[in-house]
1. Would you point out which residue out of Gly91, Gly72 is more than 30 Å from Glu154 (Cβ to Cβ) and exposed (fewer than 13 other Cβ atoms within 10 Å of the Cβ)?
2. Sort out which residues of the stretch 51-63 are within 19 Å of Trp23 (Cβ to Cβ) and either of a type in the set (A, V, I, L, M) or touching a Cys at 6+ places or on another chain (Cβ under 9 Å) (or both), and write them in order of number.
3. Hey, does the stretch 92-104 have a residue that's touching a Lys or Arg at 6+ places or on another chain (Cβ under 8 Å), under 23 Å from Pro30 (Cβ atoms) and of a type in the set (Val, Ile, Thr)?
4. Here is a check on your reading of the model: is Ile104 more than 16 Å from the chain's Cα centre (by Cα), at pLDDT below 95 and either under 30 Å from Asp192 (Cα atoms) or surrounded by 13 or more Cβ atoms within 10 Å (Cβ to Cβ) (or both)?
5. Is there a residue being outside the structural domain of Arg179 (by TED's automatic domain parsing), of a type in the set (A, V, I, L, M, F, W, C), under 21 Å from Ala6 (Cβ atoms) and in contact (Cβ under 8 Å) with a residue 60 or more places away in the chain anywhere in the stretch 58-70?
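The values are calculated or read from the model by the stated rules, or taken from the named source; none is laboratory data. These numbers come from a predicted model, not from an experiment. Cβ: placed from backbone, ideal geometry, glycine included. Neighbour counts: every protein chain shown.
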Amino acid sequence: MLLPMALMEPIRQGSVTLAFRSWKRPTVRPGGTLKTAAGVLGIDEVTPIEPADITEADAASAGAASLDDLLGWLRPEPDRRLYRIRFHRVGDDPRIALRDDDRIDGETRERLDARLAGWDRRSPTGPWTEATLRIIAESPGVVAGELARQLGSERDPFKRRVRQLKELGLTESLPVGYRLSPRGERYWSGRDH
């Protein structure tokens, strides 16, 4: 579940605690967590709802200026159902501390090498980790679609791969595009390529 960047600070402050999404089936569940730029969110409730049942208070809790604005964001789609997602901020995203930790000793490098090699080995389209790290290192701040095109990939699979690298603390998102994190830069600079 993606949340707009404009809502990150209100989520961090606790004034935005709801989201509404149209799904074939929910992508989050009660009791689960979601990593966002505002930190880790705990998912409290995922409830089907009809647009007519959304209140002004719901709209305010979702960060909308009014109920009409919120309803304007929602686009009914055939074969999808509208859900209300209630959440709370649990804490900071652990990937932030990880990406800032640029101490790469031999054991850490071996673990990272093994993880990336495993992803490459299991990929149905062939190895991808080195090319993805390289293009991000060489093109910080370039939109995902352009980077994907340069690699001969579709945008969404490329973005999924970058999120995998982000889980290891190697990349970070910018307002537009990505860059290697301090950890990613240290790892990349010490890698044979």
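1. From the options Gly91, Gly72, the qualifying one is Gly91.
2. Ala52, Ile54, Ala62
3. no
4. yes
5. Looking for residues that are outside the structural domain of Arg179 (by TED's automatic domain parsing), of a type in the set (A, V, I, L, M, F, W, C), under 21 Å from Ala6 (Cβ atoms) and in contact (Cβ under 8 Å) with a residue 60 or more places away in the chain, one finds none in the stretch 58-70, hence no.
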